[in-house]
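This report concerns only the one structure given below.
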């Protein structure tokens, strides 16, 4: 398992590095050779290919079981964070928990079930997607189709440091705000200067005022860029925005407020436009997911593995699965922290532990047939 983890981590698979993501896909297929599975490769032109692995067992009336994990990372091809290393307790490297460790856990859970002859009793689909870190724009429809055919789903993002698995997530909205003004020499600018940056400053304050912790709404102006020099009135400014929310109606309200902020001009001679870059609906902790969690908790208890439910502000493919009404548990991968940073690490003991838990959960579904 750790040999496969090292192999995958040492392949750069930043989302836009198609060559690298496809190499991870080939490593997945190689690792599953010898199992009674079919592999569907969905070709992509600009990003890595999507993979769907299936067992030979026909789906029951209740539906199949769905596993989802992504092969891409946030680290681009030119990153300096490229190596795998480990010590007695931890493994380090780009994507070690986000989420190549989760892929390894899923692969070896399937291999374990194959070794004892259970795969032909479990209607299972395993989606390996290639663009989760940029919102799953290309794979979203694929995941939705598979989720609609599924009785339940498990997503292999990292588990929490105290054994948490994810039963709810906030929704998110990512957008780009652009302001255009009129350039000129700063020395000759009057009070009516059409500064794009000044207009962006007014809009930044209005956007930050949308924060409402009591409702679980966060609004963040994450980056701002504009202008060409201190002695020039800036003609252009751009900001990237991020919003998180618990309820779908809050997402709709945020879009409406953003539209008004965009249209409300405070600096004469400027105009703004808004682009919604990506977004995911909330993943609520519904009754069906609570029942699925209770099943996971019972199996974990028999194994002596501690789990607990967690609501996370970050988003994942589980948000899209919940949107079609399929019960889903996320955070089923190994435990670690500091993902999306050069300090990303996994607790090594959690990799075989979470693999065992996942294999036993899947075996439990086989026992119902």
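Derivation of every value follows stated rules applied to the coordinates shown; laboratory data play no part. Just so we're clear, the structure is a prediction, and the values are computed from it rather than from any experiment. Every residue, glycine as well, gets a Cβ built from its backbone with ideal geometry; the counts of neighbours run over all protein chains shown.
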Checklist entry - Tilt of helix 100-115 relative to the longest C-alpha principal axis of the chain, in degrees (0 to 90, nearest 10)? => result 20 degrees
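Can you give the calculated 222 nm mean residue ellipticity of the chain, where each DSSP H run of n ≥ 4 adds -39,500 (n - 2.57) and the sum is split over every residue, rounded to the nearest 500 deg cm²/dmol?
Values: 9 runs with 117 residues, N = 369.
That comes out to -10000 deg cm²/dmol.
Relative to the compact-globule scaling 2.2 N^0.38 Å, provide the ratio for the alpha-carbon radius of gyration of region 142-296. Walk me through the numbers before you get to the answer.
Working: Rg = 20.9 Å, N = 155, 2.2 N^0.38 = 15.0 Å.
So region 142-296 has a normalised radius of gyration of 1.40.
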Checklist entry - What's the exposure ranking of 146, 297, going from fewest to most Cβ atoms within 10 Å? => result 297, 146
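Would you work out the relative contact order for the chain, in percent, from Cα pairs under 8 angstrom that are 6 or more residues apart?
Details: 854 pairs, mean separation 86.2, N = 369.
Result for the chain is 23 percent.
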Checklist outcome for this item: Expected sort for 88, 287 with the fewest Cβ neighbours (10 Å cutoff) up front is 88, 287
Checklist outcome for this item: Taking Cα atoms, the helix 350-366 axis meets the longest principal axis of the chain at an angle in degrees (rounded to 10) of 70 degrees
Checklist outcome for this item: Per principal axis, largest first, the Cα atoms of region 127-234 extend in Å by 67, 33, 25
Checklist entry - By how many degrees, 0 to 90 and rounded to 10, does the Cα axis of helix 196-208 deviate from the longest principal axis of the chain? => result 50 degrees
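For the chain, what is the percent of antiparallel DSSP beta bridges, rounded to the nearest 5?
Values: 48 of 68 bridges.
DSSP beta bridges in the chain are roughly 70 percent antiparallel.
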Item to check | Largest-first principal axis extents, alpha carbons of region 201-247, Å | outcome: 44, 15, 12
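Order of 30, 72 from fewest to most other C-beta atoms within 10 Å? Mind dumping the intermediate values first?
Values: 30 10, 72 27.
Going from least to most buried by this count: 30, 72.
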Checklist entry - Where the Cα atoms of region 51-175 are projected onto their three principal axes, how long is each span, largest first, in whole Å? => result 48, 42, 30
Next on the checklist: Counting C-alpha atoms alone, how compact is the chain: give Rg to one decimal and Dmax as a whole number, in angstrom.
Outcome noted: 23.0, 80
